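*Asks:* My structure is below; once you've seen it, I'll send some questions.
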Amino acid sequence: MSFVQAFPQLGNQYRDDALLRSYLRRALRKQTLAAIEPDLDALGRFAAEAWTAALAHVDEEPRLTQWDAWGGRIDRLELTRAWRVAAPLAARHGLVASGHEATHGAAARVHQFALVYLYHCASEFHSCPLAMSDGAATAIKASGNAGLAAHALPRLLSRDPAQHWISGQWMTENAGGSDVSATETTARLVDGEWRLYGRKWFTSAINAQMALALARPEGAADGTDGLALFYLEPRDAQGRWRNIRVDRLKHKLGTRELPTAEIHLDGTPARLVAGTDHGVRTIAPMLNVTRTWNAVCATATMRRALALAEDYAQRRGAFGKPLAQQPLHRATLANLRAQFEAAFHLSFHVAELLGLVETGAASEAQRNRLRLLTPLAKLWTGKLAVAITSECCECLGGAGYLEDTGMPKLLRDAQVFPIWEGTTNVLALDFLRALRGAGGAQTLLDAQAEWLLQIESSDASDCASIARACVARAAAQLASLGNDSDALEAHARELAVAFAEGIASGLQVRHADWALRSESDATPLAAARHFAQQLAQRGSP
Ligand code: MFK
């Protein structure tokens, strides 16, 4: 019998995740953690089981049937098995609801995003419509439209699978991807009811029961301010499309279980969310929430790829010993883990701030931090997810290139993170936009100083100095560009990455210091030191 390699295995993804558990012990009150732990444990188990199940059907995709046997237009959608399993589970565990419930006060978002982090990879991007549903609920609340809130929120925030609705986000058009001011869809008042006409080019989760769509009311001004935000339900009570044609499902690089469609609207009934203009301003709360989901899901992807690579390193021997005992391979994995842990702390810090702001518990400084750190977390973790997943494929050698190990799917799926909800450059420009109104770089310098002041162990202080220097250097570079808007834009990405790395490092060191003092656990400090050393060697920016 020739040699057969043992393949990498996943255990319960909550119980096995020392970082998540350590973080939750610090971030949550004991009673809160005890109350949510059964949900975390159940999703951790689901994550491991779903991974094994998914390996048996890596090619499954949703199917669109446009015509019936008699020539009637039906546009019937069949979802994948994984989605049929994931949807009721998401409702029952409150993947959207938990972020809006008062039970755990300002910790609601940490609770929710811990669930999201465990659920994302197992859900096969069912997390995408959940992100949009969460965003839609947030935007509807912020709009002050009480009638619409009373109608939609009980559905979006339901824990009952039979009641729970998901939402689409219909912005992107052929002419307007990043620049939505080029939106061509029009809204016309017909017998006192708004109707939408146009083509939406990327409508993810076309099975959603509702959507928020940007359109230009007839006669409105050109540009962003002339757009309005509309609420619509794509199908009637009998399941018939409301003057919508599904032209085709997109053939995507990854996220293939997610039914993303091109559609035509030809008089689809809709209602205004908040007035006939400033639709982008109205939808902005949705974008900031989906960008937070993006950061947490990107981080979850890094963790999954790394968990597989780390497990494989124990099982695979080469040159007389396991990979896990080979110095170069160990160093490679340690580098990846250090970056992933830094990304984790940045993503979850944004979740913490979101919860504080939404419950009215945040200071002005914390509101400003949320505005600045949301685009930073999204843009940095998106790029890192691709890089780390690619390295983890390589850690499995040729096996990492084979579809039925599941690694190529992780890599293809990761590539959506820097694109979806705004590309890296769009997010870097959003960071510049935010700097103008959220206290500027001083907000980030002050935040960093506040966290690092809490550090008590001398072991952590050298890393803290590196993190501080990193943010200070980025702030100095920003200042050196003055008000030269072309120069600021040209350097926006490197500045954003430098701030993101420095801030993430500071948050990572703060946690490492706590773990050392409170739990005598030196593992987070090893990762924090590793990441700080990477930053010091680069001398960024
Ligand atoms: C998961 C799998 C997915 C499957 C495949 C999908 C592939 C990708 C499909 C997609 O298309 S995803 C959608 C991607 N598109 C975007 O995310 C939009 C990217 N563009 C932006 O983010 C622009 O910055 C934006 C359109 C939001 C604004 O650009 P504009 O047109 O130059 O508007 P402007 O004047 O800067 O902002 C309008 C208002 O919104 C301003 O407020 P005021 O009216 O009060 O002045 C801004 O301050 C506000 N605003 C913009 N961004 C904001 C914001 N407010 C808060 N937070 C923000 N992030």
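The values are calculated or read from the model by the stated rules, or taken from the named source; none is laboratory data. In this text the structure is predicted, and so the values were computed from the model without any measurement. Positions of Cβ are generated from backbone atoms using ideal geometry, with glycine treated the same way; all protein chains shown enter the neighbour counts.
*Asks:* Check T299 against each of (1) more than 11 Å from the ligand (Cβ to nearest atom); (2) assigned to a loop (DSSP other than H, G, I, E, B); (3) among the polar types (S, T, N, Q); (4) touching a helix residue (DSSP H, G or I) at 6+ places or on another chain (Cβ under 6 Å) and name the one condition it does not meet.
*Replies:* (2)
*Asks:* Another question, then. If I go through segment 58-77 residue by residue, how many of them are surrounded by 12 or more Cβ atoms within 10 Å (Cβ to Cβ) and either assigned to a loop (DSSP other than H, G, I, E, B) or not β-branched (V, I, T) (or both)?
*Replies:* Initially, segment 58-77 is screened for residues surrounded by 12 or more Cβ atoms within 10 Å (Cβ to Cβ), giving 58, 60-64, 66, 74-77.
Narrowing the set further to residues that are either assigned to a loop (DSSP other than H, G, I, E, B) or not β-branched (V, I, T) (or both) leaves 58, 60-64, 66, 75-77.
Count: 10.
*Asks:* While we're here: Could you tell me whether segment 227-247 includes any residue that is touching a Pro at 6+ places or on another chain (Cβ under 9 Å) and either more than 25 Å from I74 (Cα to Cα) or modelled with pLDDT under 95 (or both)?
*Replies:* Yes, segment 227-247 contains a residue that is touching a Pro at 6+ places or on another chain (Cβ under 9 Å) and either more than 25 Å from I74 (Cα to Cα) or modelled with pLDDT under 95 (or both).
*Asks:* Checking A107 against (1) within 21 Å of A205 (Cβ to Cβ); (2) buried (at least 21 other Cβ atoms within 10 Å of the Cβ); (3) among the hydrophobic types (A, V, I, L, M, F, W, C), only one condition comes out false. Which one?
*Replies:* Unmet for A107, out of (1) within 21 Å of A205 (Cβ to Cβ); (2) buried (at least 21 other Cβ atoms within 10 Å of the Cβ); (3) among the hydrophobic types (A, V, I, L, M, F, W, C): (1).
*Asks:* Another one. Can you say whether R199 is of a type in the set (K, R) and either crowded, with 19+ Cβ neighbours inside 10 Å or more than 16 Å from the ligand (Cβ to nearest atom) (or both), as far as the supplied structure shows?
*Replies:* So R199 fails the test.
*Asks:* Examine segment 118-132 for a residue that is assigned to a helix (DSSP H, G or I) and surrounded by fewer than 21 Cβ atoms within 10 Å (Cβ to Cβ), and state whether such a residue exists. I'd like the intermediate steps shown before the answer.
*Replies:* Quick first cut of segment 118-132, residues assigned to a helix (DSSP H, G or I) only: 118-123, 127-132.
Then keep just the ones that are surrounded by fewer than 21 Cβ atoms within 10 Å (Cβ to Cβ); that gives none.
Within segment 118-132, none of the residues are assigned to a helix (DSSP H, G or I) and surrounded by fewer than 21 Cβ atoms within 10 Å (Cβ to Cβ).
*Asks:* Report, by residue number, each residue of segment 211-231 that is in a strand (DSSP E or B) and either acidic (D, E) or without any contact (Cβ under 8 Å) to a residue 40 or more places away in the chain (or both).
*Replies:* Answer for segment 211-231, where residues must be in a strand (DSSP E or B) and either acidic (D, E) or without any contact (Cβ under 8 Å) to a residue 40 or more places away in the chain (or both): just R216.
*Asks:* Could you list all residues from segment 422-440 that are of a type outside the set (A, V, I, L, M) and at pLDDT 95 or above?
*Replies:* Listed by number, the residues that qualify are G422, T423, T424, N425, D430, F431, R433.
*Asks:* Let me ask something else about it. One residue is enough: does segment 498-505 have a residue meeting the conditions farther than 24 Å from R21 by Cα and either acidic (D, E) or not assigned by TED's automatic domain parsing to the domain that holds T381 (or both)?
*Replies:* Taking every residue of segment 498-505 in turn, at least one turns out to be farther than 24 Å from R21 by Cα and either acidic (D, E) or not assigned by TED's automatic domain parsing to the domain that holds T381 (or both).
*Asks:* Would you point out the residue of segment 138-195, among those that are acidic (D, E) and within 26 Å of the chain's Cα centre (by Cα), that is farthest from V357 (Cα to Cα)?
*Replies:* E173
*Asks:* For segment 488-541, give me each residue that is within 22 Å of I455 (Cα to Cα) and of a type in the set (D, E, K, R).
*Replies:* E501, R510, D513, R517, E519, D521, R529
*Asks:* Could you identify the single residue in A428, A387 that is more than 11 Å from the ligand (Cβ to nearest atom), in a helix (DSSP H, G or I) and within 21 Å of the chain's Cα centre (by Cα)?
*Replies:* A387
*Asks:* Suppose we keep only residues that are out of contact with any helix residue (DSSP H, G or I) (no Cβ under 7 Å at 6 or more places or on another chain) and under 22 Å from E494 (Cα atoms) within segment 450-471. Which one would you say is farthest from the ligand (Cβ to nearest atom)?
*Replies:* This residue is S465.
*Asks:* Please work out if E193 is in the same structural domain as W241 (by TED's automatic domain parsing), more than 26 Å from R76 (Cα to Cα), in contact with a Pro (Cβ under 7 Å, 6 or more places away or on another chain) and touching a residue at least 24 places away in the same chain (Cβ under 8 Å).
*Replies:* Spelling it out, E193 is indeed in the same structural domain as W241 (by TED's automatic domain parsing), more than 26 Å from R76 (Cα to Cα), in contact with a Pro (Cβ under 7 Å, 6 or more places away or on another chain) and touching a residue at least 24 places away in the same chain (Cβ under 8 Å).
*Asks:* Another question, then. Just one of the numbered conditions (1) in contact with a helix residue (DSSP H, G or I) (Cβ under 6 Å, 6 or more places away or on another chain); (2) surrounded by fewer than 23 Cβ atoms within 10 Å (Cβ to Cβ); (3) part of a helix (DSSP H, G or I) is not true of A362; which one?
*Replies:* (3)
*Asks:* Within segment 165-182, which residues are more than 10 Å from the ligand (Cβ to nearest atom) and part of a loop (DSSP other than H, G, I, E, B)?
*Replies:* W165, I166, N174, A175, listed by residue number.
*Asks:* Tally the residues that are in a loop (DSSP other than H, G, I, E, B) and either within 16 Å of the ligand (Cβ to nearest atom) or surrounded by 15 or more Cβ atoms within 10 Å (Cβ to Cβ) (or both), restricting the search to segment 232-249.
*Replies:* Looking only at that region, the number is 4.
*Asks:* Now for a different question. Are any of the residues in segment 406-415 assigned to a loop (DSSP other than H, G, I, E, B), hydrophobic (A, V, I, L, M, F, W, C) and buried (at least 21 other Cβ atoms within 10 Å of the Cβ)? Break it down into steps so the answer makes sense when it comes.
*Replies:* Filtering segment 406-415 down to residues assigned to a loop (DSSP other than H, G, I, E, B) leaves 406, 415.
Within this subset, residues satisfying the condition of being hydrophobic (A, V, I, L, M, F, W, C) are none.
There is no residue in segment 406-415 that is assigned to a loop (DSSP other than H, G, I, E, B), hydrophobic (A, V, I, L, M, F, W, C) and buried (at least 21 other Cβ atoms within 10 Å of the Cβ).
*Asks:* Ok, one more. Do you know which residues across segment 142-162 are without any contact (Cβ under 8 Å) to a residue 40 or more places away in the chain and of a type outside the set (A, V, I, L, M, F, W, C)?
*Replies:* G147, H151, P154, listed by residue number.
*Asks:* Of all the residues that make up segment 250-296, how many are assigned to a strand (DSSP E or B) and away from the ligand (no atom under 11 Å from the Cβ)?
*Replies:* 11
*Asks:* Counting only residues that are among the polar types (S, T, N, Q), give me the helices (runs of 4 or more DSSP H) lying completely in segment 445-541 with at least 3 of them.
*Replies:* 458-480, 492-519, 523-538
*Asks:* Looking only at segment 202-216, how many residues end up being within 15 Å of the ligand (Cβ to nearest atom) and under 20 Å from L249 (Cα atoms)?
*Replies:* 10
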